[in-house]
Amino acid sequence: MPKKIIIKIPNLLHSRGISLRELSRLSDVRHAALSELSNGKRGNINFSHIEKIADALGISDIRQIIDLVEGGE
């Protein structure tokens with residue numbers, strides 16, 4: 001069965017009580033890019049963005065940001 005990558009930005013924002021715009025400011029990643037990632041609209045993942053998000057939020061385990069699940073299209 002195909003796999004699908006899940007970006008967990010909405011969960012991270014909710015659990016930390018911050019907005020997408022605040023994450024953009026903290027991570028120095030464009031708001032539009034974060035929005036596309038959050039909404040699954042981005043075809044390619046820029047791993048430097050993932051690194052910046054992790055640094056901004058103090059995350060050391062990438063699985064807190066992205067996940068690979070069964071059932072992709």
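The values are calculated or read from the model by the stated rules, or taken from the named source; none is laboratory data. What you see is a predicted model; the values in this text were computed from it and never measured. Here the Cβ is made from the backbone with ideal geometry for all residues, glycine too, and neighbour counts use every protein chain on show.
Odds and ends about this structure:
- Residue check, GLY71 within 12 Å of the chain's Cα centre (by Cα) and on the phi > 0 side of the Ramachandran plot: no
- Residues that are of a type outside the set (Lys, Arg), closer than 30 Å to MET1 by Cα and not in a helix (DSSP H, G or I) within the range 40-58 comprise GLY40, GLY43, ASN44, ILE45, ASN46, listed in sequence order.
- Any hit, the range 10-18, residues being at positive phi and either exposed (fewer than 12 other Cβ atoms within 10 Å of the Cβ) or among the polar types (S, T, N, Q) (or both): yes
- For LEU37: the one exception among (1) assigned to a helix (DSSP H, G or I); (2) surrounded by 15 or more Cβ atoms within 10 Å (Cβ to Cβ); (3) at pLDDT 95 or above: (3)
- In the range 59-68, the residue that is nearest to LYS3 (Cα to Cα) out of those that are among the β-branched types (Val, Ile, Thr) and under 10 Å from the mean Cα position of the chain (by Cα) is ILE66.
- Residues of the range 26-41 that are on the phi > 0 side of the Ramachandran plot and within 12 Å of the chain's Cα centre (by Cα): GLY40 alone.
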